[in-house]
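Since the structure comes first, as structure tokens, the remarks are kept for the end.
The values are calculated or read from the model by the stated rules, or taken from the named source; none is laboratory data. This one's a predicted model, so the numbers in the text were calculated from it and none came from an experiment. So basically every Cβ, Gly included, is an ideal-geometry build from the backbone, and we count neighbours across all protein chains shown. Note: accessible area is taken over every heavy atom of the protein model, side chains too, but ligands, DNA and RNA are not part of it. Shrake-Rupley method; radii C 1.70, N 1.55, O 1.52, S 1.80 Å.
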Amino acid sequence: MERRAIAVEGVVQGVGFRPFVHGLATKLGLVGFVRNRSGRVLIEVEGEADALDRFVAELTQHPPPLSHIERCECEACPPLGDVHFVILDSDADESGAIFVSADVATCADCLAELFDPGDRRHGYPFLNCTNCGPRLTIITGAPYDRANTTMVGFAMCPACQAEYEDPSNRRYHAQPTCCPTCGPQLRVLDGHGTPIAARDPVAYFADALCAGQIGALKGLGGYHLACDALSETAVAELRRRKVRDEKPFALMVADEAITSQFCVVGPDERALLTSRRRPIVLLRKRDQHPVAPQVAPGNPTLGVMLPYTPLHHLLLRAANRPLVMTSGNRADEPIAHDDADALTRLAGIADLFLVHDRPIHVRCDDSVTRVVAGIEAPIRRSRGYAPEPMSLPMACAKSIVAVGGQLKGTFALGRGDHAFISHHLGDLDHLDAQRAFIRDLALFEELFGVKPEIIVHDMHPDYASTRYAIARKESGGVPLLAVQHHHAHMASCMAEHGLTGPVIGVSFDGTGFGPDGAIWGGEFLVGDYAQYRRAAHLRYVGMPGGDQAIREPWRMALAHLVDAGLSDAILASHVPAANLRVIRKMLERRFNTPPTSSVGRLFDAVAAFALGRNRVSFEGQAAMQLEWLADDQAGAETYPWEIDTSSATRIIDTRPLIRAVAVDVADGVAAAEIARRFHATLAAIIVDVCARLRSETGINAVVLSGGVFMNGLLTRLAMERLGAAGFAVHRHRQVPPNDGGLCLGQLAIAAQMLRSSAIG
């Protein structure tokens, strides 16, 4: 007989790991114990050597579905002659420093119970087990047990309690477990919040949606607004009430087979759609499909997700059609998650509400992703992904908090060699989002046992996240580290891939504060985590009106025309002459026209030329339209550009490009052809500059980051051409290339600088 002591670290608590170990040991005839201790699972098993070997192999190769083993250490110890294998209580010294699972879609076992008329949970919209259900959204504190979740108000009935205490049951220590007798309940309310008598709330709500009404549904991490996705009238009315002109709505569809009827679904998309994360996946529309055009006007893709809660499954089955399932808010406000707030904010939008009495503690939006060149390309990392840990290429010598940027807010905590990245918090322009940022950061610090010894923030002085960091320093004396925006983008992609050596960082986005006071966004950096050098960038042009130029792309078009020495004739047909005169004077006098090197603003200018796009209704809309047009075009012809090498920092002169685009527009060249040539030109510029920098520095690794690389076509072209030129190319796969990934880069930079004693 032998005995082995095993320590397992990772996502191993609150995911059914101990009952799994108990069942495995019992099956193999082993004795000993398993217990939680300080964020780890400790196991001692005793038996014959062959059985112990099989135990370790099964433990590491086939752990529970929600677990993620980061580290497993095994060593021999003296046999004790135990009689049974038991689950021991957690050690008294256990802290809240654990790995918390993300919210997970309903598992197959629970789904079978949901639709089994003979099961006691048949048709119950809140059933779950250790392999699925709510996690992050219901946590109120550490350690993770029922008393520290929003389930605390629901006392388990004897049947649920028996399952909860039975190590052989898959609901053993499943903190959200419940049933129709003891768990949350549904209600239907009218548009004013008055209860409606409905024998079957789900069926009543589904019938209302099928009749053309707009409903508000309380989901897992917040409220959704829902309507019939096949009804153009209902979708148009939802747009009107929500004040959302053109930004696409997401769809929820019963299963992948139905999705394939109106979208092209490849194997990689199918894997994402059906994964336990259940994100919204961007899929290309089929030529013929029944979905109302207003769901995604002018867009060749649809954002589709499958049901991820029992309530969603019941609703989609009752409705028997795809449903619009969009964030429960007005315009760009944060999603509503508090019941009273939802009834107030969604009044006048929703005709009725389907609500329940389980509170949502952590608001969590749906994740959004797509597949680019066979690899997942995240757009928004939130439900189903956060707060799963990511490995850092270096250990944090101190506890670190990185607070990200202003838009697409996320934060990250660094402990040891792990980064814990928050769910999507929305744009911190909104006071409600700022409050959620502060509250959820405090919760994460408690959950993961992080008391920050340094806080990292963006250099921009007016970001709400920067102001928060400064206020925290003033109140608690926590040291701060300011990190340049595009350096953080570069470091974010490096950290994802575990890169440590110097790289060429291509950081393309819309807006980032530069140390020279300009608005950066078309940057080629050379460096690593600890330092960087701005090796090249797009030529500065004025950005007339600041942020107003983002909303009105014609302003950037005029700025580029003036910079290139051209007349504004190609804008005169769709921009009033008085407006052109005003902006020209602003440019001449340099009044409220900060200089920018932004590739995002260059996209806006070309879209204004080629598409006559004067205004956009959501961020990145003009650039997205160029991508959609270009994606169906063949050819690799490029526009001209020049590179000024007269100084240490190369300047990419965009004036030849602008002049050539202006000629094409004047000659009536199709917008799709202009869009394709523009994309090909940017990819060629990337390869040209990177080749020059490789020749100068010997660096062969290139990382692509920044919001512009949410553009799938540009990403593919850059990857292909850099690869053909012999570069080792890296792009984002785990966090978004946009500002939602900034906090990871900030964290990695701080960790490396602490390691090298550059800060302390």
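A few comments on the model shown:
- Residue that is least open to solvent (accessible area, probe 1.4 Å), among those in the stretch 566-598 that are among the β-branched types (Val, Ile, Thr) and part of a helix (DSSP H, G or I): Ile583
Residue-wise test of (1) surrounded by fewer than 24 Cβ atoms within 10 Å (Cβ to Cβ); (2) modelled with pLDDT of 95 or more; (3) not polar (S, T, N, Q).
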| position | (1), (2), (3) |
| --- | --- |
| Asp458 | no, yes, yes |
| Tyr463 | yes, yes, yes |
| Tyr468 | yes, yes, yes |
| Gly477 | yes, no, yes |
| Leu481 | yes, yes, yes |
| Ser492 | no, yes, no |
| Thr500 | yes, no, no |
| Val503 | no, yes, yes |
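- Index of the failed condition, Gly221 passing every other in (1) touching a Lys or Arg at 6+ places or on another chain (Cβ under 6 Å); (2) of a type in the set (Gly, Ala, Ser); (3) assigned to a helix (DSSP H, G or I): (3)
- Taken over the stretch 405-440, the criterion of being touching a strand residue (DSSP E or B) at 6+ places or on another chain (Cβ under 7 Å) and more than 21 Å from Pro378 (Cβ to Cβ) is satisfied by Arg415, Gly416, Asp417.
- Residue within the stretch 474-497 that is in a strand (DSSP E or B) and touching a Gly at 6+ places or on another chain (Cβ under 8 Å) present: yes
- Residues (open to solvent by less than 10 Å² (accessible area, probe 1.4 Å) and either more than 19 Å from Pro79 (Cβ to Cβ) or in contact with a helix residue (DSSP H, G or I) (Cβ under 7 Å, 6 or more places away or on another chain) (or both)) located in the stretch 31-48: Gly32, Val34, Gly39, Val41, Ile43, Val45
- The residues of the stretch 278-298 that are open to solvent by less than 10 Å² (accessible area, probe 1.4 Å) and touching a helix residue (DSSP H, G or I) at 6+ places or on another chain (Cβ under 9 Å), listed by number, are Pro279, Val281, Leu283, Val291, Ala292, Val295.
- Candidates Asp89, Asp109, Asp116, filtered to the one that is open to solvent by 80 Å² or more (accessible area, probe 1.4 Å), acidic (Asp, Glu) and modelled with pLDDT of 95 or more: Asp109
- Of the residues screened, Phe126 is one that is open to solvent by less than 20 Å² (accessible area, probe 1.4 Å) and either modelled with pLDDT under 90 or in contact with a Pro (Cβ under 8 Å, 6 or more places away or on another chain) (or both).
- Members of the stretch 638-668 that are without any contact (Cβ under 8 Å) to a residue 60 or more places away in the chain, in a loop (DSSP other than H, G, I, E, B) and surrounded by 11 or more Cβ atoms within 10 Å (Cβ to Cβ): Thr638, Tyr639, Pro640, Trp641, Thr645
- Identity of the residue in the stretch 314-338, at pLDDT 95 or above and surrounded by fewer than 21 Cβ atoms within 10 Å (Cβ to Cβ), that ends up nearest to Thr194 (Cα to Cα): Ala318
- Failed item in (1) open to solvent by 10 Å² or more (accessible area, probe 1.4 Å); (2) out of contact with any strand residue (DSSP E or B) (no Cβ under 6 Å at 6 or more places or on another chain); (3) not basic (Lys, Arg), with His679 passing the rest: (1)
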